[in-house]
Amino acid sequence: MASLNVGNLGEYLREQRRNAQLSLRQLADAAGVSNPYLSQIERGLRKPSADILQQLAKALRISAETLYVQAGILDERSPEAAGTRSVILADPSLSERQKQVLLQIYESFRKENGLDADPDTGSAADHPHTPQDPQASN
């Protein structure tokens with residue numbers, strides 16, 4: 001299990017909060033956490049759960065994935081995959097739950113096509129065990 005990079009996460013959160021022109025209290029209220037807890041996260045003293053990170057991301061109007069990367073929960077992705085994720089996460093017509101479900105489906109398709117490790121190293125055709133499109137043979 002990856003260790004959380006709480007120092008950098010705290011600095012990043014503080015920067016995002018200031019960019020959003022929110023006080024510590026305002027962000028804590030919007031994310032549903034206590035002021036002292038948020039202060040401890042920002043100072044690198046606490047390791048927030050993925051759920052808390054998602055609440056903070058929603059309150060800051062940034063992608064939860066960005067916070068997961070900052071916290072060391074997720075690895076940074078290829079530009080191709082990151083672009084797709086960014087578009088999904090930025091769509092204002094989708095709820096947070098819908099965005100997360102779409103991302104899970106997207107990841108499962110990439111994994112099924114053998115693109116889960118490094119999307120730049122090959123295509124589905126390079127993976128002989130990847131199921132082929134049944135419509136292609138008709």
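Every number in this text was worked out from the coordinates using simple rules, so none of it is lab data. Given the structure is predicted, the values throughout are model-derived calculations rather than measurements. Cβ: placed from backbone, ideal geometry, glycine included. Neighbour counts: every protein chain shown.
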| Once you list every other residue whose beta carbon is under 14 Å from the beta carbon of A90, what net charge do they have if Lys and Arg are +1 and Asp and Glu are -1? | +1
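Ranked highest first by average number of other Cβ atoms within 10 Å, how do 20-27, 59-66 line up? Mind dumping the intermediate values first?
On the way: 20-27: 13.9, 59-66: 19.5.
For the peptides 20-27, 59-66, the packing ranking is 59-66, 20-27.
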| How large is Rg over Rh for the stretch 21-110, taking Rg from the Cα atoms and Rh as the Kirkwood inverse mean of 1/r across Cα pairs? | 1.00
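For the stretch 25-64, what is the relative contact order in percent, using Cα pairs closer than 8 Å and at least 6 residues apart in sequence?
Values: 26 pairs, mean separation 15.8, N = 40.
It comes to 40 percent, rounded to a whole number.
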